[in-house]
Structures are given as C-alpha cells and as structure tokens.
Amino acid sequence: MSLTMTEYIEVNLIGIIMLLTMMLYTGRRWDWKQWDESGTFIIMAASNTIILFADIVIYLLRGHGSPEMMTLTHIACVVYFFLGGVFCYEWVRYVFKRLYPLRQAPKREHWILQVPVAVNSLVILASPATGWIYSLSDANVYHRGPLIWLPFIIGMFYWIFSTAIILGEYRHSTQSREPGVYRTLFAFPLFFITGNLLQMRFYGLSITWVCAAVSMVTLFMERQKDQLSRDILTGLFNRRQTGNQLAWELGRLPASQDYLMVAILDVDHFKDINDRFGHLMGDQALIQVARLLGDNARRSDFVSRFGGDEFLLVGHVKDEDEARQVLRKIGEAVDTFNGTGQAPYTLSLSMGYALRSARDKTTVDAILDEADKKMYLNKDRIRGCRR
C-alpha cells in the first residue's frame, strides 16, 4: 500500500471516528420515540459515515478486476452517490426542525422535497448498466460519467433552498436565538460546497465528504450549546430561554401590529398522579403534555416548560378570540388523549393568558403575573365544579 493511499484512508477513518462518536453521544441522549432534529442529525452522520467507508472500499479495490471485486465496487459507488442525495435532503429537514421544532410539515411538502433526491436515486441505480454517473474500466478503475454533474446540481438545489429558509427566518424571526445559531446554519453548506467544487475541478481529489464531516462537527458543537436552553425531560425550551424570549418579544413589541400573548398552562392534580402512579409515571405525564403542546401549538409559537408542572406558550394573535382559539385547540387535544385510554391517569390543564399590544407599557414580570393569576382563577373554577 502506497504512502498516498495510506494517508487517504487515514483521513477518511478520522472522519468516520468523529462521526461515530457524535452519533453515539447523540443517540444516548435522544428519545427515539420522538423524531426531532436529533434523529435527522443521526441520519446525516450515519450517511456521511457510510459514504466515507464506501470511498475507502472504492479506493482499495482499484486495480482488482475480478467480477467479484467489480461487483463490490459497483455497490460502493451506488451507495456513495445515493447517500449523498439523502444527506442533502436530510439537511433541509434538519433546518426546518432546528428553526421550527413545533412545525408539522404537510405531506405535500415532503413529496415536493423528495422529488429531486428520487430522480437522483433512479439515475444512480441505473448507472452500473448505463454509465450515466460513473463507469468502471476492465481494471476496476472508477471513471466519471456524462451525468456526474447531476448529484452536484441536486445537492445545490437543497443547499440553496435551505439557505433561503434560514435567511427568511433570520430576517423575520419568530424566536429569540443566539447569533451563533444562524452563523452555524449559514456556514454548514460552505465546507461541503467548497469540497465539492474542488473535487469536480481536480479529478482524483476526493475531499467532499471529509469536508462534510468537518461541517457535522461544527453542527454538533452548536447543538451541545443549544442543550443549555432545553429542558432535559421534555425537550422543550427551559426557563432560562423563556426569559430571553420574553425580553426579546417585549423589545420588538412597539413595532408589532399584533397582540403578544403569554399563556401559562398548569397540569391539574399533578401531585395526585405522582402519589398514585409513581414519579416515573409523573414524568411520562409531563412528557405527554409537552407532546400535546408541540403537536397543537402553531408553527410560530414558543413553548417551554416554565418549571415543575407549569408550561408557557408565547405567540402573536390578532385579537382575544384568536388567543382563546389557540388554547381551546390544546384543551381539545388533551380531551382527545384522555379518550384514548392510553394512560392510567387523566390529564387536565388550567390555562391563563395575558395580552399586550404596542400601546401597552409592561414588563416581563407584569405579563407573567397577569397570566398566572388568570390561570389560578381558572384552576379554582375547575375545583369548584368538581365539589
């Protein structure tokens, strides 16, 4: 094995080790029942890992022209290009989940985003017979095909689309975020695109997916920083980030044409759930409330676990009727869950909200205090009805 080949394999192996480490760390902390940005991150890391391994296989089998070796090379080439498209598609999904964690993407959107990667996959699967993307010589040496540009163009479509989404959210943000979040999301494609351009320009240079692994490291580091703003149990934003969000909302309120709504939602009789079914079941109840809020809040709403069994929802509404409608939808979702009989306990939420317009002068404490008082009035009414 030549020194050049050894160094090439070593670089790919370093990338594989980094990616596997990030996958293992993320997988241990991720709730596999809840497919959030962590799941998408793991798919991207796994795709990048397999691509680097396939690249090593292609390199090692070069010059070995037996039918068995050529079959293995074909498999490695197809995997290499196929997972490249998957990686780019999953990046768009990651951007949506990172910026809009409560958003439920419609099926039509999924289908539209899947069309480019589906076309890419069909062309790649046909390439062993057609040579469209690549071909192999009798000595099992890889050569580019006439449509080698197609995976690059499709990848660029996903990078440009995701950058447009990030830019739109950066200019008209619905949540308070550290500037580093946007810097990481903007910078992520740059390593990949630079590596791809160099690889397309200089035949034989294979650095695209090593650059992608470097991008994954930067993304991983930003994700670890983001954990400081998340509640460990539910995955919602925590009280620290809630304070940042409220201060940011009030700062831009004078320029807003809508009402700022701050709602506090408290789990009724949560102590009884803990006492009757145990603290583990109590934790599951809190997780279930978080899921119901995530599934039924609007895309632009900020949802957090404020502390204990209290949750907070911050959003913008046109009037008080819309505020009631937002909370009514959540209440109906809770009733629907209770009707399924999935849990031994019955969930109930007391809700109170406060509204502020651009004309109002207020503070974070004042708006929280008003929402809290209304929530307790609601709780007292519930207790009175049950007596």
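The values are calculated or read from the model by the stated rules, or taken from the named source; none is laboratory data. Here the structure is a predicted model, which is why all the values come from computation and not from measurement. Backbone-built Cβ (ideal geometry, glycine too); neighbour counts: all protein chains shown.
Under 6 Å between Cβ atoms, at least 6 apart or on separate chains: pull out the pairs that start in the range 174-186 with a residue that is not assigned by TED's automatic domain parsing to the domain that holds Gly251 and end on any residue that is part of a loop (DSSP other than H, G, I, E, B).
Thr174/Ser300
Which count do you get for residues in the range 122-143 that are polar (S, T, N, Q) and surrounded by fewer than 19 Cβ atoms within 10 Å (Cβ to Cβ)? Working first, answer last.
Here is the first cut: in the range 122-143, the residues polar (S, T, N, Q) are 127, 130, 135, 137, 140.
Now drop any that are not surrounded by fewer than 19 Cβ atoms within 10 Å (Cβ to Cβ), which leaves 130, 135, 137.
So the count comes out to 3.
Could you say whether any residue in the range 144-153 is surrounded by 15 or more Cβ atoms within 10 Å (Cβ to Cβ) and touching a Cys at 6+ places or on another chain (Cβ under 9 Å)? Before you say what the answer is, go through the steps one by one.
Within the range 144-153, the subset surrounded by 15 or more Cβ atoms within 10 Å (Cβ to Cβ) is 145, 147-148, 150-152.
Restricting the remaining residues to those that are touching a Cys at 6+ places or on another chain (Cβ under 9 Å) gives 151.
Within the range 144-153, one or more residues are surrounded by 15 or more Cβ atoms within 10 Å (Cβ to Cβ) and touching a Cys at 6+ places or on another chain (Cβ under 9 Å).
Only residues that are part of a helix (DSSP H, G or I) and under 17 Å from Glu90 (Cβ atoms): list them for the range 105-118, please.
Looking only at the range 105-118, we keep the residues that are part of a helix (DSSP H, G or I), and these are 107-118.
Listed by number, the residues that qualify are Glu109, His110, Trp111, Ile112, Leu113, Gln114, Val115, Pro116, Val117, Ala118.
What residue, of Thr184, Thr163, Thr194, Thr130, is more than 23 Å from Ser215 (Cβ to Cβ) and not aromatic (Phe, Trp, Tyr)? Step through it out loud before you land on a result.
Values: Thr184 fails: more than 23 Å from Ser215 (Cβ to Cβ); Thr163 fails: more than 23 Å from Ser215 (Cβ to Cβ); Thr194 fails: more than 23 Å from Ser215 (Cβ to Cβ).
From the options Thr184, Thr163, Thr194, Thr130, the qualifying one is Thr130.
Does Ile166 satisfy the criteria of being hydrophobic (A, V, I, L, M, F, W, C), within 30 Å of Leu246 (Cβ to Cβ) and assigned to a helix (DSSP H, G or I)?
Working: hydrophobic (A, V, I, L, M, F, W, C): yes; within 30 Å of Leu246 (Cβ to Cβ): yes; assigned to a helix (DSSP H, G or I): yes.
Yes: the conditions hold for Ile166.
Hey, can you tell me all the residues within the range 235-260 that are of a type in the set (A, V, I, L, M), in contact with a helix residue (DSSP H, G or I) (Cβ under 9 Å, 6 or more places away or on another chain) and not in a strand (DSSP E or B)? Break it down into steps so the answer makes sense when it comes.
Of all residues in the range 235-260, those of a type in the set (A, V, I, L, M) come to 236, 246-247, 250, 253, 255, 260.
Now narrow it down to the ones that are in contact with a helix residue (DSSP H, G or I) (Cβ under 9 Å, 6 or more places away or on another chain): 236, 246-247, 250, 260.
Selection gives Leu236, Leu246, Ala247, Leu250.
Scan the range 220-234 residue by residue and report those that are among the β-branched types (Val, Ile, Thr) and either crowded, with 18+ Cβ neighbours inside 10 Å or part of a strand (DSSP E or B) (or both).
Taking the range 220-234 and keeping what is among the β-branched types (Val, Ile, Thr), we get 232, 234.
Once the filter is applied, which keeps residues that are among the β-branched types (Val, Ile, Thr) and either crowded, with 18+ Cβ neighbours inside 10 Å or part of a strand (DSSP E or B) (or both), the range 220-234 yields only Thr234.
On the given criteria, is Asp283 crowded, with 17+ Cβ neighbours inside 10 Å, of a type outside the set (A, V, I, L, M, F, W, C), within 18 Å of Arg239 (Cα to Cα) and not assigned by TED's automatic domain parsing to the domain that holds Tyr100? Break it down into steps so the answer makes sense when it comes.
On the way: crowded, with 17+ Cβ neighbours inside 10 Å: no; of a type outside the set (A, V, I, L, M, F, W, C): yes; within 18 Å of Arg239 (Cα to Cα): yes; not assigned by TED's automatic domain parsing to the domain that holds Tyr100: yes.
Spelling it out, it is not the case that Asp283 is crowded, with 17+ Cβ neighbours inside 10 Å, of a type outside the set (A, V, I, L, M, F, W, C), within 18 Å of Arg239 (Cα to Cα) and not assigned by TED's automatic domain parsing to the domain that holds Tyr100.
Here are some residues: Trp132, Trp111. Which one is in contact with a Gly (Cβ under 8 Å, 6 or more places away or on another chain), without any contact (Cβ under 8 Å) to a residue 40 or more places away in the chain, at negative phi and not assigned by TED's automatic domain parsing to the domain that holds Ala255? Working first, answer last.
Details: Trp111 fails: in contact with a Gly (Cβ under 8 Å, 6 or more places away or on another chain).
Criteria check complete, one pass: Trp132.
Is it the case that the range 52-61 has a residue that's under 24 Å from Pro116 (Cβ atoms), in a helix (DSSP H, G or I), within 24 Å of the chain's Cα centre (by Cα) and touching a residue at least 12 places away in the same chain (Cβ under 8 Å)?
yes
Restricting the search to the range 127-147, which residues are touching a Phe, Trp or Tyr at 6+ places or on another chain (Cβ under 8 Å) and in a loop (DSSP other than H, G, I, E, B)?
Ile133, Gly145, Pro146, Leu147 - these are the residues of the range 127-147 that are touching a Phe, Trp or Tyr at 6+ places or on another chain (Cβ under 8 Å) and in a loop (DSSP other than H, G, I, E, B).
Does Lys361 qualify as being surrounded by fewer than 16 Cβ atoms within 10 Å (Cβ to Cβ), over 18 Å from Leu286 (Cα atoms) and touching a helix residue (DSSP H, G or I) at 6+ places or on another chain (Cβ under 7 Å)? Spell out how you get there, then give the answer.
Working: surrounded by fewer than 16 Cβ atoms within 10 Å (Cβ to Cβ): yes; over 18 Å from Leu286 (Cα atoms): yes; touching a helix residue (DSSP H, G or I) at 6+ places or on another chain (Cβ under 7 Å): no.
In short, no.
Kindly indicate the residue of the range 305-317 that is under 20 Å from Asn378 (Cα atoms) and touching a residue at least 60 places away in the same chain (Cβ under 8 Å) and also surrounded by the most Cβ atoms within 10 Å (Cβ to Cβ) among those meeting that condition.
Step by step, filter the range 305-317, then rank; the result is Phe311.
Hey, Gly331 hits all of (1) over 18 Å from Thr242 (Cα atoms); (2) touching a residue at least 40 places away in the same chain (Cβ under 8 Å) but one; which does it fall short on?
It fails just one condition, (2).
Does Glu320 satisfy the condition of being loosely packed, with under 13 Cβ neighbours inside 10 Å and closer than 23 Å to Lys373 by Cα? Break it down into steps so the answer makes sense when it comes.
Values: loosely packed, with under 13 Cβ neighbours inside 10 Å: yes; closer than 23 Å to Lys373 by Cα: yes.
Yes, satisfied.
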